[in-house]
1. How about residue 154: which lysines have a C-alpha closer than 30 Å to its C-alpha, ignoring those fewer than 8 places off in the same chain?
2. Using θ = phi - 60° and the Karplus form 6.51 cos²θ - 1.76 cosθ + 1.60, what ³J(HN,Hα) does each residue of segment 246-254 get, whole Hz, x for Gly and Pro?
3. Going highest first, how would you order 256-264, 171-179 by mean Cβ packing within 10 Å?
Amino acid sequence: MDQLVKVEYHQAENCPLKDIQFSFFQIVYVISGKGSFIINNNIASFTKGSLILMTPDDQHSLNIEEKTELLLVKFSERYIKDYRWNSIDSIGCLLYGASYLSGCILQNKPDIVLVDSIIASLLHGIDHPDLYQEELTLHYVNALIVIAARNISKMRAENISSNSDKRIVEIINYIQGNIHDPALLKVSVISQKFGLSETYLGSYFKNHSGETITHYILNYKLRLIEHRLLFSDMRINEIVTEFGFSDESHLNKFFKKQHKISLTEFKKTKSAEKSIV
């Protein structure tokens, strides 16, 4: 995708997509029709009004049961990273962290009316382009992205154990928002930030999330680095700077410890797999 943001209308009666993997985010709104997406081997049914988010590394297929109309809103990682989102500094991390969700992400009922209005405006812009249409489209897309992020955040909170309290969500939000700054991810710093002892923070996080806080931070950072390698034009030294590594050797050592192969080998292997698909 050459453009940072692209909006497309599609109508189909059969299955045009099989085992596809894109290098950009994609919000899919179902205008009409019925069927299912298979996203990372998880089946997500869709009907009229479904809003589905796909992240850059998602493997997906489309099964159509009846004639379907879709509005596709595509936007690049670069757009998310460069745009000034005011108070939502970690919006990219939030969207990336949504890959475990299946199906419609539009769960906050008051947002349904907003999304319907935005979709209608985007469709009108496609059918009746006018002066400053590109600027208007970007405003609509930005609103849709923020609504998606809000719903994902609410869904994530609900997916955490019912015995959890609000604090675990705040801790996870803090980690994702500061994932690029190693100094702020020290257990001592996080425990002080939330008024907990280091020992209690460790047991509290594991009890509510199912994994240790160190393991969560490591896996989340590793996943973002994988995204940079596979779906961005960033150089290794830029990734080093972004995630606070001392140099390329430090980053490669971190990566190799987890994957058992170097950054370059990982990228070559994954690129070869994509070309076969």
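Laboratory data are not the source of any read-out in this text; all were calculated from the coordinates shown. Please read these numbers as outputs of a predicted model, since none were measured by experiment. Please note: Cβ atoms are built from the backbone with ideal geometry, for glycine as well, and neighbour counts cover all protein chains shown.
1. In chain and number order, the partners are 6, 34, 48, 74, 81, 109, 166, 186, 193, 206, 221.
2. 6, 6, 5, 5, 5, 5, 5, 5, 4
3. The peptides rank, most packed first, as 171-179, 256-264.
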